[in-house]
Every structure is written in structure tokens, then in C-alpha cells.
Amino acid sequence: MRHSKRLEALPPYLFAELERKIQAKKAQGVDVISLGIGDPDTPTPGFVIDALADAARDPGTHQYPSNRGRPEFREGVADFYKRRFGVELDADTEIIPALGAKECVFNLNLAFLDPGDTALASDPGYPVYTGGPLLSGAEPVLMPLVPELGFAPDLDAIEDPGRAKLMFLNYPNNPTGAVLPDGLFERAIEFAREHDILVVHDASYTEISFDGYKPPSFLETPGAKEVGVEVFSLSKGYNMTGWRTAAIVGNAEAVEAYWRLKTNIDSGMFEAVQLAAVAALRDGDETSREMSAIYQRRRDLVCGALREIGVEVTPPKGTIYVWAPVPDGHTSASYCELVLEESGVVISPGGAYGQSGEGWFRISLTVPDDRLSEAVERMRSSLGG
Ligand SMILES: Cc1ncc(COP(=O)(O)O)c(C=O)c1O
């Protein structure tokens, strides 16, 4: 079989070796606890499921949806952005549903990049920021997130962005758990204006935050809508990862380009899911508050245990991840293997999120409290002291 050059351009799957070791451990009868994947363990709230069931009983939702989305969806997103962020959006031209932030981020690459173009990708970062450009025949250019700058990219260090057409930012950030560094959005807007770049802000984690911190939208920053879009996902804040619900909002020309591309790729979001998403956005503030409280408690449990085993960790103010440096003498991969070997606990090697993630590891907080306590206890007893 002859695969496309595009497919061959993708980097090797860096979790492959870890996965092989996990399977081997399981085969030995070890009760492996995975803190690897960021997928909420708590179910979607009942009122969202009820809204889906009601909408699914209406035959008016059963036909091909339009890629523009139902007016109720677009108005629901506009109402949410006004209430939550104080951002005004035109429901006719500045909002379109997306089948998850992943789909949207990927397809923006297809809509904007040609061979020879580049996209500036946060490093470490969500893998689609690099896979998207590669699969579009373009190239990702890594922007290292600098720990000393609060995990901001140093935009002043980019002398000539060349043929960069896109810039991917994401705060609160996966995998680092960092929240928006002061002044970054302002600087990114200036940079985008100067170099004619579309900023894509991935807002997958704005609804999960701790210690009273409220993450802003990119679109709150003056000038953002002229140069950028935001991809808002319902996956993490409302426990809806399986539902594939997100929206692209912001610059009307970019939203239109995404729509044009999408009319050739898929047929939009099931309308009953769109109506359930409206319910989540309208009535879900309590859900995201409760989820944030759960993750904050788990964050404290994990950070406390990591300190006890000598890991220097800064507790994150958002996301569902704890990001910490591996102890001296280890690489990301060797430390993750040691933790698996000694305690039967899976943690993610930072290097899997890009070269700047090397030397770090990520723990996901999306496992039930009893399993997380057990994992932390095992790490403390097998790796402590
Ligand atoms: C930064 C980031 N963007 C996007 C996604 C995917 O979100 P969605 O479920 O909306 O596709 C994730 C999921 O982990 C993520 O961490």
C-alpha cells in the first residue's frame, strides 16, 4: 500500500513505547492506574442529556444540519460570550459550530495553509498544532513556551516569521496548566497585525480554573477580532468530550473561510446536539464551577504528594493537568518508565507534547478520587525518600 507523503510526514507516535510497557505490566497482573489521558471521569450533566433527548424526539432535528448551525446555537453562543466574557458577537457572521476544538483547529490549517507556508505552534502543545500544518503540506514552526515567562512564547525572539500565516495559542494551557501570561494577547495581536497572521486561540479550558481565577477570552483584548478567532470547546467544562461540541468565534472572514472549507468536508453538527449545547451554555455555570472545585481538590492532592517525593511543582490555576519537572538525572521518558515500574502509575512524558516539553511530565486529574488517592499513595510509598 502506498500512503500519502502527507501521512508519512507525521512524527512517530511517542506514546507507543509507553503503551507497550503498560500492556506488559497489565499482563503481569499489575493494577495499572492511568493518569495519562485528559478525559473527564464525571458524566455529562442530566439537564444536558434531557435537552438532547427532547431535541432528538423532534423530527425537525433529524435531517442534514447546515454547517452554519441553527440560529438557536449561534445565539446561545453569543449570549454566553456576552454573559461570561463581556464579548459581543454577531450571531450571523461571527459564530459557527465545530465538531470539537480538534476538528476546528485541524481544518483551519487546511483553510489557510499552502505548501511552503508555516504555522507558529506553541511548544509544548496540543499535537494538532503541528500535525495540522504537516497534513496540510505546510510546516509547523515551534514557539517554545518559556517557563520563566509563565509559559508564554517569546514573540520578540522571532526575528522573521517568514511565511507564517497562523499562530496557535492556548490558555489555560495544555499541557503546562499555565494561565494567560500578562500582556501576551496584546503582544500577539500586534505581532499578527505586523506580519498578517491569523491568531487561533484554543479556548478548550477557560471554564476549568482554580483559586478564584477566571480565565479570559482572547476576544476580550482590543483588536483581537481583527486578527483572530477563538475556538471554544464544551468538552472539558461541561464533561462533553464524547459529544464533539465546540464553536469557532471571532473574525468574520476567517469564520467564513472555515465554513467554506467545511461545506466540502462534513455536514455539520447533529441539530439535537446543537440544542443540548445551548442548554449547557445557558444553564451550565454551576457544572463548570463544580468541576473546577473537584479538580482543584485533586490538584492539591497531587501537588502535595509530588512535593513529598521531591518534585518541585507549581500548582496550576486552570486545566485538568499538573505539569512538573522530572527529577535530576532523568529524561521525561525514563522518569515516566520509572514511575510505571515502581508504582504501576502511568504519567505522560512531556517530550510527547513537543521538544520543549522534554524534562517535564504531565499528570491528568481526570480519574475518580479513590483511584487518584491510590495512585498518589503508591507514588509516595515507592518513590518517596
Ligand atoms: C488544548 C486542547 N485543544 C483541543 C482539545 C480537543 O478538544 P475537543 O474535545 O473540543 O476536540 C484538547 C483535548 O484534550 C486540548 O487539550
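FYI, it's all coordinate maths here, none of it is from the lab. Here the structure is a predicted model, which means the values were calculated and not measured. FYI the Cβ positions are ideal-geometry reconstructions off the backbone, even for glycines, and counts take in every protein chain you see.
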Would you please name the trypsin sites (Lys or Arg not before Pro) within region 13-85 that are DSSP coil residues with at most 13 other C-beta atoms within 10 Å of their C-beta?
-> R57
Share of Cα-Cα pairs in the chain beyond 40 Å, whole percent, is 14 percent
Nearest 20 debye, what's the magnitude of the dipole of the chain about its Cα centre given +1 on Lys and Arg Cβ and -1 on Asp and Glu Cβ?
-> 880 debye
Between E226 and R2, with labels modelled 7 Å along Cα→Cβ, what's the label distance in nm to one decimal, could you check?
-> 4.9 nm
The whole-number value in µm²/s of the Stokes-Einstein translational diffusion coefficient for region 233-348, with Rh from the Kirkwood sum over alpha carbon pairs at 10 °C and 1.306 mPa s, is 89 µm²/s
Can you grab the distance from the C-alpha centre of region 130-166 to the C-alpha centre of region 326-375, Å, no decimals?
-> 25 Å
For region 1-96, take the alpha-carbon Rg, divide it by the Kirkwood Rh, and send me Rg/Rh.
-> 1.16
Dipole check, the chain, charges on Cβ (K,R +1; D,E -1), about Cα centroid: among A56, V326, A246 the Cα furthest to the positive pole belongs to A56
In degrees, nearest ten, helix 252-262 long axis to first principal axis of the chain (Cα) = 80 degrees
What FRET efficiency comes out for the pair D266/I37, r = Cβ-Cβ distance, R0 = 22 Å, nearest 0.05?
-> 0.30
Per residue Cα convex hull volume in Å³ - calculated over region 131-219 = 107 Å³
Pseudo-spin-label distance T314 to A27, built 7 Å along Cα→Cβ, given in nm, is 4.2 nm
Long-range amide H partners of I96, meaning residues 5 or more apart or on another chain whose placed amide H is closer than 5 Å, are I248
Calculated diffusion of region 98-145, Stokes-Einstein form, Kirkwood radius summed over Cα pairs, 20 °C and 1.002 mPa s, µm²/s = 204 µm²/s
So what are the ³J(HN,Hα) numbers for region 121-130, from phi and the Karplus equation (6.51, -1.76, 1.60; θ = phi - 60°), rounded to whole Hz, Gly and Pro as x?
-> 10, 3, 9, x, x, 4, x, 5, 5, 9
What does the helix-only formula give at 222 nm for the chain: each DSSP H stretch with n ≥ 4 adding -39500 (n - 2.57), the total divided by the residues, and the result rounded to the nearest 500 deg cm²/dmol?
-> -12500 deg cm²/dmol
Karplus (6.51, -1.76, 1.60) ³J(HN,Hα), θ = phi - 60°, over region 331-341, in Hz, Gly and Pro reported as x | 9, 3, 5, 5, 5, 5, 5, 4, 4, 5, 4
Within the chain, what's the longest run with no chymotrypsin sites (Phe, Trp or Tyr not before Pro) in a DSSP loop and at most 16 other beta-carbon atoms within 10 Å? Give the range, please.
-> 16-212
Neighbour count of at most 16 Cβ within 10 Å plus DSSP loop: longest GluC sites (Glu not before Pro)-free window in the chain = 160-311
Label-point separation (nm) for F15 and R193, each offset 7 Å from Cα along Cα-to-Cβ?
-> 4.1 nm
Karplus 3J(HN,Hα) series, Hz, for region 168-185 with 6.51 cos²θ - 1.76 cosθ + 1.60 (x for Gly, Pro) | 9, 10, 7, 9, x, 9, 9, x, 7, x, 5, 9, 3, x, 3, x, 5, 5
Roughly what angle does helix 101-112 make with the longest principal axis of the chain, taking Cα atoms, 0 to 90 degrees, to the nearest 10?
-> 60 degrees
